[in-house]
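Following: one structure in C-alpha cells, then a few remarks.
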Amino acid sequence: MRSFFDIAPYAVAEHDDGYAVFKGVFRLTDAFDCEGDAYGHAHAFLDEDEEAAEADAAEQAEIEAEEARRVEAELRADAAAILAEIGEAA
C-alpha cells in the first residue's frame, strides 16, 4: 500500500480558493475545499492507472502466449515434414 502523500506522477497544489490535482502542468480536477480530498482523488487516479497497466500487461501476456503457440505449431509441422522426408528417402 502506498503512503498517503505518494501520488507521483500526480501533484496536489493550492488553486484559486481550494486545492487541485495536477499531472505535470495539466490541472485534472479542482475545487477541493480540503487538501486531503484532493489527495484522495489523486489516489483514485493512481488506482485507475494501475488497473489500466495490469490490463495492458495481461493483454500483452496473451499476445505473447499466442505467438509462442503459433511458433510451436510451426516447429511441430516442420519436424513432421522432415520425418516424412526421411521416411520417403529410406
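Checked against (1) over 15 Å from Phe5 (Cβ atoms); (2) touching a Lys or Arg at 6+ places or on another chain (Cβ under 8 Å); (3) assigned to a helix (DSSP H, G or I), Ala20 meets all criteria but (3).
Out of all the residues in region 64-75, which are open to solvent by less than 90 Å² (accessible area, probe 1.4 Å) and under 21 Å from the mean Cα position of the chain (by Cα)? If the condition is that a residue be open to solvent by less than 90 Å² (accessible area, probe 1.4 Å) and under 21 Å from the mean Cα position of the chain (by Cα), then Ala65, Glu67 are the ones that fit.
The condition of being free of Cβ contacts under 8 Å to residues at least 60 places away in the same chain, closer than 30 Å to Asp6 by Cα, assigned to a helix (DSSP H, G or I) and among the hydrophobic types (A, V, I, L, M, F, W, C) holds for only one of Ala44, Ala81, that being Ala44.
The condition of being part of a helix (DSSP H, G or I), of a type in the set (D, E, K, R) and within 30 Å of Tyr10 (Cβ to Cβ) holds for only one of Glu72, Glu50, that being Glu50.
For region 7-23, enumerate the residues that are closer than 19 Å to Asp49 by Cβ and either touching a residue at least 24 places away in the same chain (Cβ under 8 Å) or in contact with a Phe, Trp or Tyr (Cβ under 9 Å, 6 or more places away or on another chain) (or both). Listed by number, the residues that qualify are Ile7, Tyr10, Ala11, Val12, Ala20, Val21, Phe22, Lys23. Taking (1) open to solvent by 60 Å² or more (accessible area, probe 1.4 Å); (2) assigned to a helix (DSSP H, G or I); (3) aliphatic (A, V, I, L, M) in turn, Ala31 satisfies each apart from (2).
The values are calculated or read from the model by the stated rules, or taken from the named source; none is laboratory data. The structure displayed is predicted, hence computed values, not measured ones. Every residue, glycine among them, receives a Cβ derived from its backbone with ideal geometry; neighbour counts consider all protein chains shown. Each accessible area value is taken on the protein alone, full model and side chains, heavy atoms only, with ligands, DNA and RNA left out. Shrake-Rupley method; radii C 1.70, N 1.55, O 1.52, S 1.80 Å.
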